[in-house]
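Working notes, structure below.
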Amino acid sequence: MHIKTSELDSFELGFGGYTCNWGVHMCGLYETEEERDSIIFGLLSQGFKNNDLNFYCPSERNSNDFMSDYSSAHPDHSSCLSNQDSIVISSPKDLYYPKGTFSPLDMDERLDSFYNHSQSKGPRNVRATAEMVWALEAIPGREHLMVYESRLNYFIARKPWISICLYNITRFTGDIIMQVLRTHPYTISKGVITENPFYQDPDDWLAEYAPEFLKQ
């Protein structure tokens, strides 16, 4: 099933039989490890097949446990896990708060740098996914997480990039999940992808909730 998400080229997501278009930002809502891993493993496996660049940030398990789990589920691609030209695995600290404080504007710079490096040897599609439970910890600046999620729509637009932000709905409050819905144009729940009726354009969301972070 194809879901038209932009005017860019289409691609196979790797789970649920879905295709969509590059330049898309989704939230994956899950309750179980099986739901979570069906998204992560499917997305990454298809990326390995297509020679896309995969990026993954585990938070509910460490990188060694992820590699063990993935290798058990997909032994045919286990060798790809040690190839940094195929996948980059980052800790939450290294990705989101390397200086000890989370900042949406610093994230803009890090993502720009990562993307520019990914394209330095020629055009490359990027598949990024991250588990967001790190934000439940007492990290300075975590109150700006949804600012980052909203601004991420600016960054992804018109790029050969997909981001899937993974939220465990058994651990986040309903209020936070509602803000998640307002900052992600597409949702994945129980294996089904839908266009999100609660989504607000970042210009509108930021103007309402965080005008100081509106894109200049």
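Observations on the model:
- For Asn51, net neighbour charge (Lys/Arg +1, Asp/Glu -1) across residues whose Cβ lies under 10 Å away: 0
- Paramagnetic reach from Asn83 (point 7 Å along Cα→Cβ, amide N under 15 Å) across segment 121-138: 125
- Cβ-based charge dipole, the chain, positive-most Cα from Val180, Cys80, Ser120: Ser120
- Taking every DSSP helix (H) stretch of at least 4 residues in the chain, weighting each as -39,500 (n - 2.57) and dividing the sum by the residue count yields a mean residue ellipticity at 222 nm of -11000 deg cm²/dmol.
- The value obtained for segment 50-114, namely the Cα convex hull volume divided by the number of residues, is 101 Å³ per residue.
- Base-10 log of normalised Debye intensity for the chain (one unit scatterer per alpha-carbon) at q = 0.12 Å⁻¹: -0.59
- Taking a straight Cα-Cα cut-off under 18 Å and skipping sequence neighbours fewer than 8 places away in the same chain, the aspartates and glutamates within cross-link reach of Lys99 are Asp108, Glu109, Asp112, Glu137, Glu143.
- The heavy atoms of Asp94 present about 100 square angstrom of accessible area, all protein chains included, probe 1.4 Å.
- Rounded to the nearest 10 degrees, the angle from helix 145-156 to the longest Cα principal axis of the chain is 60 degrees.
- Taking one quarter of the surface of the convex hull spanned by the alpha-carbon atoms of segment 132-216 gives a direction-averaged projected area of 6.3 nm².
- Take the chain with all the other protein chains still there, run a 1.4 Å probe, and you get 47 Å² of accessible area per residue.
- Only Lys, Arg (+1) and Asp, Glu (-1) charged, at Cβ; segment 37-91 dipole about Cα centre in debye: 60 debye
The values are calculated or read from the model by the stated rules, or taken from the named source; none is laboratory data. Keep in mind that what you see is a predicted model, and the values were worked out from it rather than measured. Heads up, the Cβs are rebuilt from the backbone with ideal geometry, glycines too, and the neighbour counts pull from every protein chain shown. We work out accessible area using only protein heavy atoms, side chains counted, and drop any ligands, DNA or RNA first. Shrake-Rupley method; radii C 1.70, N 1.55, O 1.52, S 1.80 Å.
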